[in-house]
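Only one structure is covered here, and it is reproduced in the block below.
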Amino acid sequence: SQQGEEDPQALSIQEGENATMNCSYKTSINNLQWYRQNSGRGLVHLILIRSNEREKHSGRLRVTLDTSKKSSSLLITASRAADTASYFCATVLLGNTDKLIFGTGTRLQVFP
Amino acid sequence: EAGVAQSPRYKIIEKRQSVAFWCNPISGHATLYWYQQILGQGPKLLIQFQNNGVVDDSQLPKDRFSAERLKGVDSTLKIQPAKLEDSAVYLCASSLVSTSTVVEQYFGPGTRLTVT
């Protein structure tokens, strides 16, 4: 079953703009991870945030986690055409260490 | 470090035929996962191995899907007979066994299966 749902399903922006994707989940988590998938490189791990963390940064990526609302957001700043891909959140449920439950994904299109 | 290898990359078969996918995990990774990703959806775990033992196969349709990891390294996923709804990308991932509460999985490029 899908634990996470992403919003929006699709997003189109111009290069240089910021892109924000949201993920909601249903059950208490150990951690939440974001992945990128494009046809060239498959599924790539971007960033992981633990349940006791509220915000993490990695380069142009910023992830927030609100466990009271059971939601997370991924912000990509100063987007590039190469950021065009599908982005998935995946949760690891509380009590688990490695079983990933993926959301439905957001398709991001960045126009040059 | 070499990544997770999968073959073939693409496969087209007719319904009721059988098909097999192969995965070679990252060297030293004891845990291996097979996922099914239907177009427009996120990956769904089919089966998880630790070494050559099955940890979780609760979402594997066992009437037609089977998987093995005989020597605790390479793994094969088989579908017999295939149905139209099996059209998907089949992803293999691997990870180290860790005492940490956080385990990172590394994914292969996937095999795109089309059943006609």
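Only the coordinates and a few stated rules stand behind these numbers; no lab work does. These numbers come from a predicted model, not from an experiment. Every residue, glycine among them, receives a Cβ derived from its backbone with ideal geometry; neighbour counts consider all protein chains shown.
The residue list B:96, B:108, A:85 was ranked by how far each Cα lies along the charge dipole of the protein assembly as shown toward its positive end, using unit charges on Cβ atoms, and B:108 comes out on top.
Shielding by partners for peptide B:34-44, expressed as the average number of C-beta atoms from other protein chains within 10 Å of each residue's C-beta, is 5. Peptide A:92-104 has a mean of 5 when you count, residue by residue, the C-beta atoms of other protein chains within 10 Å of its C-beta.
Residues whose amide H lies under 5 Å from that of residue B:5, counting only those 5 or more places away or on a different chain, are B:24; hydrogens are built 1.01 Å from N in the peptide plane.
Could you pull out every one of the aspartates and glutamates with an alpha carbon less than 15 Å from that of residue A:70, ignoring same-chain neighbours closer than 8 positions? The reachable aspartates and glutamates, counting only those whose Cα sits under 15 Å from residue A:70, are A:5, A:6, A:7, A:53, A:55. Whole-Hz Karplus ³J(HN,Hα) for region B:20-29, in order, using 6.51 cos²θ - 1.76 cosθ + 1.60 and θ = phi - 60°, x for Gly and Pro? Using θ = phi - 60°, the values come out as 9, 10, 10, 9, 10, x, 5, 4, x, 7 Hz. Across peptide A:43-49, the mean count of Cβ atoms from other chains lying within 10 Å of each residue's own Cβ comes to 3. Put simply, the Cα atoms of the protein assembly as shown extend 47, 40, 34 Å along their principal axes, the longest span coming first. Assuming R0 = 30 Å, can you tell me the calculated FRET efficiency for the pair residue A:50 and residue B:15, based on Cβ-Cβ distance, to the nearest 0.05? Calculated transfer efficiency: 0.10. So what does log10 I(q)/I(0) come out to for region B:20-67 at q = 0.15, 0.18, 0.21 Å⁻¹, using the Debye formula with one equal point on every Cα and no solvent? Values, matching the q order: -0.43, -0.61, -0.80. Charge tally for residue A:15 (other residues, Cβ to Cβ under 13 Å; Lys, Arg +1; Asp, Glu -1): 0. Taken about its Cα centre, chain A carries a charge dipole of roughly 220 debye when the Cβ of each Lys and Arg holds +1 and the Cβ of each Asp and Glu holds -1.
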